[in-house]
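Take a look at the structure set out below.
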Amino acid sequence: MTGLRSTTRRTRWRNGLLASGLSVLLAALGLTFAVSAQAAAGCRVVYTAPNQWPGGFTANVAITNLGDPLNGWSLTWTFPSGQQVTQAWNANVTSSGANVTATNVSYNGALATNATVSFGFNGSSTGANTAPSSFALNGVTCTGSVGPTTPPPTSPPPTGNPTDPAAAVAAMQPGWNLGNSFDATGDGETSWGNPRVTAQLLDNIKAQGFKSIRIPVTWGQHHGAAPNYTINSTYLNRVKEVVDWALADDFYVMINIHHDSWQWIANMPSNRTTVLARYNAIWTQVASTFRNSSPKLVFESVNEPQFTGSSGDAQNATLLHELNTSFHSIVRQSGGNNATRLLVLPTLHTSSDQPRIDELVATFDALDDPNLIATYHFYGYWPFSVNVAGGTRFDATVQKDLTDAFDRIHTAFTARGIPVILGEYGLLGFDRHTGTIQQGEKLKFFEFLGHYARARQITTMWWDNGQHFNRNTHQWNDAELFAQIKSSWTTRSGTASSDQVFSARASAVTAKSLTLNLNGTSFVGLRHGNTDLVRGTDYTVSGDQLTLTAAALTRLSGNRAYGTNAVLSARFSQGVPWRINLVTYDRPVLANATGTTGAFTIPTTFRGDQLATMEATYADGSNAGPHNWTPFKEFDHTFAPNYTANNIVLKPEFFAEVNDNSRVTLRFHFWSGEIVTYYVTKSGGNVTGTTS
């Protein structure tokens, strides 16, 4: 993506554990299993409870196997404060009093030496929520050391020969972006809010299963004046330090020229000589610094290349070809491992549009170098990616946009033996916060993207600006999202038409149905916490229709308080389970309000419901507000719900494009299906809102 990626995260009420219990690092051991006199056993467990609320909490557990490979695992512990597991994912969890056992599911039973598997759960608590003090893996207490070690094999397992481009790129799967650190355009790597990069951070990323790491680097504010453009030695050495850490962790590593693309390289149409000289000087110094680095280090010519004030596509193609070929020549002539180092070349804007692909194919043909890799970025169908124009769901249109893009890339490159890296992927709405796109819909998007990238032999690198993997706690901010993405690296998961089932409190409970998206799996069953629901009594399945009976919904909804009353897991023959929230709601109630264009909120009693999107039209039926080609406005850019403060915020960006003294009809669409109408009128800097 171009420009600053916000590190703003979704605000969630948290009541942290005592410092001694917030993040308990428990380690593993050196006792042997009875299976073999030579077998080594050992593990390390990281247990965290990042979220708490009165009476409940969410916990994440990461197990690292330090011993010999395992084919099936069982982790046991004892809760010291009477906690109970109510729902789990990525493991089967059972309890007997305070004693808990978590076992692998079908897709994560194999645990190689030094491999890590993670699972999570929701739990209930009364009073203290003290973390467990000890864990045992397959009956052996985890203490951090390891017992007798099986002699290593005479040759290591293949991980991809760096001199074989296709094998190397395959071995890079999956990849992760160290975003908003060295690419920051401020004074240094912490200027965009992320902490200083540490070797421990990279170790933890490695433990999540990633094989490659892209380290975006912006150089423009760290070098001297023309003609030498000498890079500040402290900054260059710092970049090299982090690259060396990553290589020592056995990552494949990609570095590039990043936000320079829009800061000054974009001026190439009007200042070609100066831009090219500056670009060449940077790559000359970088190539020299890393000429003897491991072949697992990969260079990317430029991030998201773009040009301002060009005469059009033809000139853009010419300028990018010149940058790519100049980069190629500088690196190859610098010698050492650079003579055959894998080099990554992007399309214009890292676009997957056919004309941009054709332009890059021409460059590949001209260079005729087998050690080249193509790259592009993908952030999804734009209306869905930012939640505008009614694009609230991962539907057939969103899916076709993805398959068309990946098919074009596959036909042009991978089908011809040219390896491809999807250098960044995500959703554009994440620039504001990850809640811009509804949870279940985003899970379906990432499940399908991972599947289709595998089908098209495309290595993926997830964009993370710090909002996904917390670089202080080394935990995922959304463990459910990561579990879905990680599962997609190897298999498909079943999903459903929604992850929410709504029942109005004002009405009698009735049976509710969801459409199952089997995705090549088979439906196994439905579970509430650790209890399997009874097919035929609690639910029925007919074809792809899963129906929850009125009796089951009534029982599971309890006193029917507004909000989520129960959480179910739909389980499939492979992949991760699909979470289904049983929600009690009534039609939301809005109230009259006055305010200004800079600060206007609509008092809202949500009554268990959640906002999906907002329409805005004038009395004559024409569209009001930004993006006036659609009545549906952009979520979190023009409006946003605040469930804690019980209001809906209409933002200054919305009123900036609303006509004075023209009444605007707003239609708020909620996930339950309710649509609530409201009216606002702007008069100068003042705003009046009414329900009628």
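A few notes on this one:
- Among residues other than PHE307 with Cβ under 12 Å from its Cβ, the summed charge is -2 (Lys and Arg +1, Asp and Glu -1).
- The heavy atoms of ASP660 offer some 80 square angstrom of accessible surface to a 1.4 angstrom probe.
- Solvent-accessible surface ranking, highest first, for TYR562, TYR618 at 1.4 angstrom: TYR562, TYR618
- Shape of the chain, Cα gyration tensor, a/c cut at 1.5: oblate
- SER181, SER74, ranked by accessible area, largest first (probe 1.4 Å): SER74, SER181
- Of the residues LEU556, LEU533, LEU568, the one whose Cα sits farthest toward the positive end of the charge dipole of segment 518-575, with +1 on the Cβ of Lys and Arg and -1 on the Cβ of Asp and Glu, is LEU556.
- Positive-end extreme of charge dipole, the chain - chosen from THR340, VAL509, GLY684 (charges on Cβ): VAL509
- Carbon + sulfur, % of accessible area of segment 523-647 - ligands and nucleic acids excluded, 1.4 Å: 49 percent
- Using heavy atoms of the protein chains and a probe of 1.4 Å, the accessible area assigned to PHE430 is about 10 Å².
- Here the sum of -39500 (n - 2.57) over DSSP H runs of 4 or more residues, divided by the residues of the chain, equals -6500 deg cm²/dmol at 222 nm, to the nearest 500.
- Here segment 317-446 exposes an accessible surface that is 51 percent carbon and sulfur, computed with a 1.4 Å probe and the other protein chains kept in place.
- The chain, relative contact order in percent, only Cα pairs under 8 angstrom and at least six apart counted: 10 percent
- Rounded if a/c under 1.5, otherwise prolate or oblate - segment 218-377, Cα gyration tensor axes: oblate
- Given +1 at the Cβ of Lys and Arg, -1 at the Cβ of Asp and Glu and no other charges, the dipole of segment 564-691 around its Cα centre is 340 debye to the nearest 20.
- Nearest-20 debye value, segment 295-417 charge dipole, Cβ charges on Lys, Arg, Asp, Glu: 380 debye
- Taking every DSSP beta bridge that has both ends in the chain, the antiparallel portion is near 75%.
- Ranking by accessible area, most exposed first, for THR274, THR665 with a 1.4 Å probe: THR274, THR665
- Gyration tensor verdict on segment 371-489 (Cα atoms; rounded if a/c is under 1.5, prolate if a/b is larger than b/c, oblate otherwise): oblate
- Per-residue SASA entry for ARG663, accessible area with 1.4 Å probe, Å² rounded to 10: 110 Å²
- Of the DSSP H helices in the chain, those whose Cα atoms cover at least 18 Å axially and whose Kyte score averages 1.6 or more: none
- Accessible area in square angstrom per residue, the chain, 1.4 angstrom probe: 38 Å²
- When peptides 365-374, 434-443 are sorted by average Cβ neighbour count within 10 Å, with the highest value leading, the order is 434-443, 365-374.
- Average projection area in nm² (convex hull over Cα atoms of segment 247-313, one quarter of hull surface): 5.3 nm²
- For ILE213, residues with placed amide H under 5 Å, excluding near neighbours: TRP176, TYR252, VAL253, MET254
- Under 24 Å, Cα to Cα: Lys pairs in the chain, sequence gap 8 or more or different chains: 23
- Peptides 564-570, 589-595 ranked from most to least packed give 564-570, 589-595, packing being the mean of other C-beta atoms within 10 angstrom over each peptide's residues.
- Charge dipole (Cα centre; +1 on Lys/Arg Cβ, -1 on Asp/Glu Cβ; no other charges) of the chain amounts to roughly 1400 debye.
- In Hz, Karplus ³J(HN,Hα) per residue of segment 121-128 (6.51, -1.76, 1.60; θ = phi - 60°; x = Gly, Pro): 7, 9, x, 10, 8, 10, x, 5
The values are calculated or read from the model by the stated rules, or taken from the named source; none is laboratory data. This is a predicted model, so every value here is computed, not measured. Every residue, glycine as well, gets a Cβ built from its backbone with ideal geometry; the counts of neighbours run over all protein chains shown. Side chains are part of the model used for accessible areas, which takes the heavy atoms of the whole protein and leaves out ligands, DNA and RNA. Shrake-Rupley method; radii C 1.70, N 1.55, O 1.52, S 1.80 Å.
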